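The structure under discussion appears below in the form of structure tokens.
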Amino acid sequence: MAYQAGKSKRVLYCAGALCAGLGGFALTPLAQAASELASGETVVLPEVQVSASSPGTDAPVKSLRRVTANGALGSTAEIDTPFSLKTVDARDIRERQASSIDEVLAGDSSVRQTAGAVVGVVSYVSVRGLLLDQVNGYKVDGLSYINRAELPLEMVDQVQVLKGLSGFMYGFGSPGGVVNYQLKRPTDNPVLDFGARYKSDGVFSESVDNGGRFGPEQRFGYRVNAVQEGGDTYVDGGHVRRDSGGLALDARLTDSFTWDFDALQSTRLAKGVYYGIFPGAGVSIPHTIPGDSKLAEDGSYFRTRTSLATTGFKWELSPEWTANVHYRYGEQYTGWREGSLNLLNNNGSYRIAQSAQLETFTSDQLQASLEGSFQTGPFYHKLVVGASSLDILQRRDANAASATINGGNLYDPVDLSGYSISTAGHNRHRFLNIDEDAAFVADTIDLTEQWSIIAGWRYTDFQQKNYDRNTGVQLAGAAGDYQEKKVTPTYALMYRPWKDTTIYTSYVESLEKGGVASISNSNYGEVFAPIESKQYELGIKTQGQGWNTTAALFQIDRGAQYTDSTNAFRQQGNVRYKGAELGGEVSLASEWTLSANALWLDSKYHAVPGLEGHNAAGVSDFQAASRIRYAPGALQGWAFSLGANYYSSYDFNAANTLKVDGYTLFDVGAQYQTRLFGKRTTLNAVVNNLTNEQYWVTYSSSSPSLMQGAPRNVALSLSVETF
């Protein structure tokens, strides 16, 4: 089901104008104060009153009873969900001063960074050893979001990760899972917060968060966010500039009917970036290098513009039944001029393959669901039924420019000459069109007080059309038009032996978009059919006063993707991921909070010529994360934290001929809360990679690449809550 892009764009532009107008209205008191200063009038400030308050109680152990949106399962408490979940809220994001998804999820051992937005293009992560795909692996409020740019985390209220197959919950997607960003919404109480932040080596940002309700009976709500960031990054020659704005509105038109709308726009320009480091034939994995090394040539950049607009309603038909309908239009523009660093020998010498291209993604999604409960005899049912229609159009550069220049050496960085190519005058042609129509139903049945089952099915009609990027003409035959109609089921059995404990077993199937041979493959541009995956999971979730524990055993069978001995990208056979997750969080007395978790993972190729029994590329067999937080009662207002992440070594390629060393990262933080002028004020300091560990970040795609890990870096912030 497709929509008219022109209408969608008009909706988006109107949303932007409305955002600016309401933002000005909400910040009128600030403008009036500034006017008084400019006019030379004497402004009398009140006496400064400083008082400290302990933030120790701000970080309690999170309850597994929190109700969150879980795709086709509807709104469900985490402890009642037969899958592994991880939730990070805005408070955690602020305290860790996270600016990318890998930093947000650093406390989860099942997640690992696979690319960074400071030295590279966009932050990507893998979950359970599987790289999340850019098109379907990331959502905003449960709807489509193309992850080709950094989402402004200042506008995010919560990040949730579903680990494992998401075919039933969200439709097409990588079997690693789904990252779902939940944006900030209008609040019942007034909000006006200001923030300022510094990050190594000279990046400064300012932000404002304003929200509340107005009108008769406080029926209308708003939330406005704005962020500006710019400065030199921790990489020599690196620079970033970011401007973001967001608006959320709602109207409680009746006691049972609520309309909502939100819009977001963010632009970002990163300089001093490169695409990746690619070891050539016969070249070993190089020794690690300092994280601030300058490898990119002068004039490199990656530019993005993200626009989202969403509107819909929630209708409480009765105390038991609720309907939701939402429409989302999204647009993602990217333009880049950067290089791939091709290693020539084991001495670190490299040549740069330059590229200058433009790319655009547009997406339209309409989703409707009905959620409710009823009883049949002795059985209690929670039913969710719904339908979704998603249209994604990718346009790629018809005039993609490339050039090859002599590079430098990893161990002796020098300034490299700039680019002789650009994107000036380039056109974008239709390259890929995905139409995904789906219907889903899930029934959670309580058989007794202790036993319940879940049965769910998602029917998907998936059609993918491929086009010649140079002409925009659809490719002939199966290469140009692929269609798949399939039902992906999920089944689960849950047992509650006592209160706040759930033991579950679940089965789920999933589909994901087929791979595309990369520019370094001999069959560059070849598009493959969707991949099928299956997952089996057995787990337990339990909690008590001041503690919680989760554990899971899982097996994922996924269609294999690899580069063969002829350097061609292939899809054949499967990879089996067998793993175990164990984690927990506990409050020790009233001052200490400890969290720790670990992932054990074994991955092997099956029925793949030449790779039988090989380890999957980019998959560590052990990962662990821990964090301890101390809020001493003797130091009112203070809290301190220490975190550690460990990643074991892993194979770089499917042939298992190259190995990447493991590494351990430490971070420390300090937070002080007080009151200035009666306003809650928080000072925060974080040092990441405390020991300045040198390590490689690996992107395991059809053509795996390396990227230098971040060096020791510092983040400082000040936030003021005026209400």
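Worth a mention:
- Annotation for the stretch 486-505: at least one member residue is under 30 Å from GLU591 (Cβ atoms), hydrophobic (A, V, I, L, M, F, W, C) and either outside any strand (DSSP E or B) or over 25 Å from the mean Cα position of the chain (by Cα) (or both).
- Residue check, LEU582 closer than 20 Å to VAL127 by Cβ, part of a strand (DSSP E or B), of a type in the set (A, V, I, L, M) and touching a residue at least 60 places away in the same chain (Cβ under 8 Å): no
- Across the stretch 639-661, the qualifying residues are those that are under 17 Å from ASP102 (Cβ atoms) and of a type outside the set (A, V, I, L, M, F, W, C), and the one among them that is farthest from the chain's Cα centre (by Cα) is TYR650.
- Screening the stretch 180-190 for residues that are in a loop (DSSP other than H, G, I, E, B) and without any contact (Cβ under 8 Å) to a residue 60 or more places away in the chain and picking the one that is surrounded by the most Cβ atoms within 10 Å (Cβ to Cβ) gives THR187.
- The strands (runs of 3 or more DSSP E) falling completely within the stretch 338-457 that include 1 or more residues that are under 30 Å from TYR327 (Cβ atoms) and at pLDDT 95 or above map to 349-376, 379-397, 428-446.
- Count - residues of the stretch 319-328 that are touching a residue at least 12 places away in the same chain (Cβ under 8 Å) and part of a loop (DSSP other than H, G, I, E, B): 1
- Condition check for ILE392: closer than 21 Å to LEU358 by Cβ and not basic (Lys, Arg): yes
- Enumerated strands (runs of 3 or more DSSP E) restricted to the stretch 644-700, each holding at least 2 residues that are surrounded by fewer than 19 Cβ atoms within 10 Å (Cβ to Cβ): 663-676, 679-688
- Strands (runs of 3 or more DSSP E) completely within the stretch 56-137 that count 1 or more residues being touching a helix residue (DSSP H, G or I) at 6+ places or on another chain (Cβ under 8 Å) and in contact (Cβ under 8 Å) with a residue 24 or more places away in the chain: 67-69, 84-89, 111-115, 124-127
- Screening ASP157, ASP209, ASP193 for residues that are surrounded by fewer than 18 Cβ atoms within 10 Å (Cβ to Cβ) and either in contact (Cβ under 8 Å) with a residue 40 or more places away in the chain or assigned to a loop (DSSP other than H, G, I, E, B) (or both) leaves exactly one candidate, ASP157.
- The set of residues in the stretch 334-376 being aliphatic (A, V, I, L, M) and closer than 29 Å to GLY171 by Cβ consists of LEU358, LEU366, ALA368, LEU370.
- Selection status of ALA226, over 16 Å from ILE101 (Cα atoms), of a type in the set (A, V, I, L, M), in contact with an Asp or Glu (Cβ under 7 Å, 6 or more places away or on another chain) and modelled with pLDDT of 95 or more: no
- Members of the stretch 405-442 found to be charged (D, E, K, R) and surrounded by 15 or more Cβ atoms within 10 Å (Cβ to Cβ), listed by number: ARG428, ARG430, ASP435, GLU436, ASP437
- Residue identified as surrounded by fewer than 22 Cβ atoms within 10 Å (Cβ to Cβ) and of a type in the set (Asp, Glu) among ASP92, ASP108: ASP92
- Test: GLU581 is at negative phi, buried (at least 20 other Cβ atoms within 10 Å of the Cβ) and not basic (Lys, Arg): yes
The values are calculated or read from the model by the stated rules, or taken from the named source; none is laboratory data. Values in this document were obtained by computation on a predicted structure and should not be read as measured data. Note that each Cβ is placed from the backbone with ideal geometry, even for glycine, and that neighbours are counted across all protein chains shown.
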